[in-house]
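The values are calculated or read from the model by the stated rules, or taken from the named source; none is laboratory data. All of these numbers come straight from a predicted model, not from anything done at the bench. Because the Cβ atoms are built from the backbone with ideal geometry, glycine has one as well, and the counts that use them run over all protein chains shown.
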Amino acid sequence: METLNLILLTLHNLTRWVVLILGIWAIGRAVKGWLGKQTFTSADNRSGLLFTTAFDLQVLFGLILYLTRGWGGVLFQGFGAAMREAALRFFALEHIFIMLIALGIAHMARTLSKKAPTDVQKHRRAALGFGLALLLTLAAIPWPFLAQNARPWLRLFGLQI
Ligand code: HEM
């Protein structure tokens, strides 16, 4: 595999863990603040900002990979054939589509949370929106235990676990 591609795939693999950890952290803070009726602090705002920023970065790596590894071309070469083949359909359509929706929901949750009139509502909107975004993300990751499209837990260039 070309070096630049391997670097990007490594970054996309590792940033996935950063996105998941920051997502769990932001949701944890939001749920605690919502149920405990706590003040919405700058630390709460920062946890949402870090989650959405890591998500943006991950999507950027993903979009570059999508273009450079020819997944977009798969759709143009034969849409019907690609749709019938689960292995092609996953990366050509499902992964990008679900991840873009999850990204949109995460950003919308942050905006709506900031605009909410009360602190409890700020926490609630962040908890529900980030929670939905994380669930979609978990569902669209090519986990190693999947029968098709399985990818490693960790990738460090040539090394895979
Ligand atoms: C628009 C958003 C995204 C696009 C276009 C995208 C695209 C891709 C592409 C093209 C691959 C490589 C497939 C291959 O040729 O082997 C890939 C792999 C992967 N994607 Fe994404 N992705 C996106 C978002 C995400 C997000 C948000 C996550 C998780 C937070 C994620 C997790 C992964 C993982 C874990 C792999 C496997 C990496 C490996 O092989 O080591 N992706 N993605």
Suppose we filter the stretch 55-73 for residues that are within 10 Å of the ligand (Cβ to nearest atom) and without any contact (Cβ under 8 Å) to a residue 40 or more places away in the chain; how many remain?
7
Does the stretch 3-54 hold any residues that are free of Cβ contacts under 8 Å to residues at least 60 places away in the same chain and in a loop (DSSP other than H, G, I, E, B), and which are they?
Gly36, Thr41
So how many residues does the stretch 21-44 have that are surrounded by fewer than 17 Cβ atoms within 10 Å (Cβ to Cβ), out of contact with any Phe, Trp or Tyr (no Cβ under 9 Å at 6 or more places or on another chain) and either modelled with pLDDT under 95 or not β-branched (Val, Ile, Thr) (or both)?
8
